[in-house]
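Engineer: I'd like to ask you about the structure that follows.
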Amino acid sequence: MLRTVFGYPSFRDSQAAIIEHVIGGGDALVLMPTGGGKSLCYQIPALVREGVAIVVSPLIALMQDQVDALRELGVSASFLNSTLAAQDAFAVERQLLSGDIKLLYVAPERLVNARFLDLLDRVHARRGIALFAIDEAHCVSQWGHDFRADYLELALLAARYAGVPRIALTATADALTRREIHERLAFDAAREFVSSFDRPNIRYRIDERVDERAQALAFLAAHEGEAGIVYCLSRRKVEQVAAWLGERGVAALPYHAGMDAESRREHQARFLREDGLVMVATIAFGMGIDKPDVRFVLHLDLPKSIESFYQETGRAGRDGEAAEALLIYGLQDVVQQRRFIEQSEANDDFKRVSRVKLDALLGLCETTACRRGRILAYFGEDRGAGYRCGNCDTCLDAPRTWDATEAVRLAMSAIYRTGQRFGANHLVDVLRGVQSEAVRSRGHDRLALFGMGHALDDNAWRSVLRQIVTRGWVEIDVTAYGALRLTEAARPVLRGEESAMLRELRVPPQGKRTAGRRRGADADAGRNAPRSRERSATDTLSDDDEALYERLRAWRLDAARAANVPAFVILHDSVLREIACRRPSDEAALAGVSGIGQNKLARYGSALLAIVNGG
């Protein structure tokens, strides 16, 4: 199946073990990074086992593309969701009962509907159900931002369809979320398969906010003409950033839950089908996005947790090629996220867990150690204190620290002397000796420490204040508009019993290409740089090969338009590069290219060979 249908020569990592386990009738919880090949873990068992496979997917907008991709492989697949007209839905149900569908995609709310369960009962009695695949299984976690209440009801499958194997899949789940999946989906006896969370082709970078728009433009200039996602926290900011980028010649589209459904569908379809578009979005966009050539993800606001950061950045580089993730953040982000937690209507347990998750993310932002190492350790994959990945900012340009003890004590004194009732802006004015209206009206210009911090500029003081918050020496009072106040942990520093070594503020380079087209496996990227699965074909393409590659891309675009599917559904970039590099002369040689299965060979072989041979 792997070779003839999907065109791949061998399985990756634990794929073979997972597939054999599910084919044998076992339940499985699969944790595998985005781009690691999760879909094959249920698609191949679905083709091997008798009956229809039911795939639960939380995003109906993506079902069409997933089904299109399977049909391109010659697999009978379909979907049932609210986008179908009644007569089309009835047609799918008839095909389901007659055994003409091998994989059916449904949303969780449809699967637990009484009418649909009755239909499944009849299918099971007549044809059998091969398996249930529950994609994006982390949606069952009530601690995460992707929580879907309908997922909780999926536990009924265990009793109602006893003996039918179930496979739950996710790219993002810490130990707490894994326990929830086992408990809430009745996966007590399920075997757990955990692949490495490492995405070696993604370069991680986290910058302090100095001039957000200048920083964003410099980053986007380094990825000109490439597809990417820009994440913002609010709908308003999404609209503003998308419009601002458009004014500067960047092909950008907005996406958020406040838009009408038709506009969201149109923008998502364009992003999937067109090259080089930038999607400016809230977290409403992205889960399950199956676009392999996203080259970058830019966060202009702080995510809620490391899971969110990992999942959102993981939408880049699904094809294994070099990609880059940049997060720009500042103290206001911390204030905002704390306020969201404290002012939410959630119970105390949820708030406590949310605080812990946010603190872990802040630790990632402020670390001087390897970013990738911190991410992997968070998911239980500890590489050791001295680990250096060679493909993150702290490995490539090690941050410097400075003895900030006196500056920290001065900042703490300013917080205390002003009554612990003011936020960062006011405190920076006091420290730098700025005669603002707010400072004068409160008499803070008469404090002995007024202006004593004039040697540091605004950005440096903001960096100090942010870092003493993340160290736990100062906390944010979200009930008092983000006022900073001292904690008990500050006493040793104030008394001179403990020093304060902080990260130096690093102003990011403007207009400098930061990622290039290199992979994380480059020899100069670090002694312990990770090895990606395969060497990129572009590393060895000659000028003639590059020209052939572009001709193949042009043909693929025409084929995709004719079929009304995204270009990558026809063939991935990596397949076209390998064809351009190897220049197969006949069908036998073309069949040896990874990603060319029997159906694609039959459909596109002649056209591809004609292009290769100059026809």
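The values are calculated or read from the model by the stated rules, or taken from the named source; none is laboratory data. Keep in mind it's a predicted model, so treat the numbers as computed, not measured. Note that each Cβ is placed from the backbone with ideal geometry, even for glycine, and that neighbours are counted across all protein chains shown.
Yes/no per residue for (1) of a type in the set (D, E, K, R); (2) assigned to a loop (DSSP other than H, G, I, E, B):
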{"position": "ALA168", "(1), (2)": "no, no"}
{"position": "GLU183", "(1), (2)": "yes, no"}
{"position": "ASP188", "(1), (2)": "yes, yes"}
{"position": "VAL230", "(1), (2)": "no, no"}
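Engineer: Let me ask something additional. Test ARG264 against the criterion of being in contact with a Leu (Cβ under 8 Å, 6 or more places away or on another chain) and in the same structural domain as ARG352 (by TED's automatic domain parsing), and give yes or no.
Structural biologist: It is false that ARG264 is in contact with a Leu (Cβ under 8 Å, 6 or more places away or on another chain) and in the same structural domain as ARG352 (by TED's automatic domain parsing).
Engineer: Quick check on the stretch 18-30. Is at least one of its residues at pLDDT 95 or above, part of a helix (DSSP H, G or I), over 22 Å from ARG273 (Cβ atoms) and among the acidic types (Asp, Glu)?
Structural biologist: Yes: one or more hits.
Engineer: Considering only residues that are touching a helix residue (DSSP H, G or I) at 6+ places or on another chain (Cβ under 7 Å) and without any contact (Cβ under 8 Å) to a residue 40 or more places away in the chain, which ones fall in the stretch 389-409?
Structural biologist: THR394
Engineer: So, ALA414, is that one of a type in the set (A, V, I, L, M), in a helix (DSSP H, G or I), in contact (Cβ under 8 Å) with a residue 12 or more places away in the chain and out of contact with any Phe, Trp or Tyr (no Cβ under 8 Å at 6 or more places or on another chain) or not?
Structural biologist: yes
Engineer: Please work out which residue is farthest from the chain's Cα centre (by Cα), limiting yourself to the stretch 342-382 and to residues that are without any contact (Cβ under 8 Å) to a residue 40 or more places away in the chain, assigned to a helix (DSSP H, G or I) and surrounded by fewer than 21 Cβ atoms within 10 Å (Cβ to Cβ).
Structural biologist: This residue is ASP348.
Engineer: Looking at the stretch 153-166, which of its residues are assigned to a loop (DSSP other than H, G, I, E, B) and either in contact (Cβ under 8 Å) with a residue 60 or more places away in the chain or in contact with an Asp or Glu (Cβ under 8 Å, 6 or more places away or on another chain) (or both)?
Structural biologist: Those that are assigned to a loop (DSSP other than H, G, I, E, B) and either in contact (Cβ under 8 Å) with a residue 60 or more places away in the chain or in contact with an Asp or Glu (Cβ under 8 Å, 6 or more places away or on another chain) (or both): GLY163, PRO165.
Engineer: Restricting attention to the stretch 109-142, and to residues there that are β-branched (Val, Ile, Thr) and part of a helix (DSSP H, G or I), which single residue is nearest to the chain's Cα centre (by Cα)?
Structural biologist: VAL140
Engineer: Of the conditions (1) modelled with pLDDT under 90; (2) over 26 Å from ARG400 (Cβ atoms); (3) out of contact with any His (no Cβ under 7 Å at 6 or more places or on another chain), ALA316 fails just one. Which one is it?
Structural biologist: (1)
Engineer: Please specify each residue of the stretch 377-419 satisfying the condition of being small (Gly, Ala, Ser) and at pLDDT 90 or above.
Structural biologist: ALA377, GLY390, ALA404, ALA407, ALA411, SER413, ALA414, GLY419
Engineer: Additional query: Given the conditions (1) small (Gly, Ala, Ser); (2) at pLDDT below 90; (3) not in a helix (DSSP H, G or I), and given that ALA269 satisfies all but one, which numbered condition is not satisfied?
Structural biologist: (3)
Engineer: Shifting gears a bit: Within the stretch 439-470, how many residues are within 42 Å of the chain's Cα centre (by Cα) and either more than 20 Å from GLU488 (Cβ to Cβ) or buried (at least 21 other Cβ atoms within 10 Å of the Cβ) (or both)?
Structural biologist: Total satisfying the criteria: 17.
Engineer: Can you say whether VAL335 is out of contact with any strand residue (DSSP E or B) (no Cβ under 6 Å at 6 or more places or on another chain), part of a helix (DSSP H, G or I) and over 21 Å from ARG199 (Cβ atoms), as far as the supplied structure shows?
Structural biologist: It is false that VAL335 is out of contact with any strand residue (DSSP E or B) (no Cβ under 6 Å at 6 or more places or on another chain), part of a helix (DSSP H, G or I) and over 21 Å from ARG199 (Cβ atoms).
Engineer: OK, next. Could you please let me know if ALA221 is assigned by TED's automatic domain parsing to the domain that holds ALA377 and small (Gly, Ala, Ser)?
Structural biologist: Working: assigned by TED's automatic domain parsing to the domain that holds ALA377: yes; small (Gly, Ala, Ser): yes.
Answer is yes for this residue.
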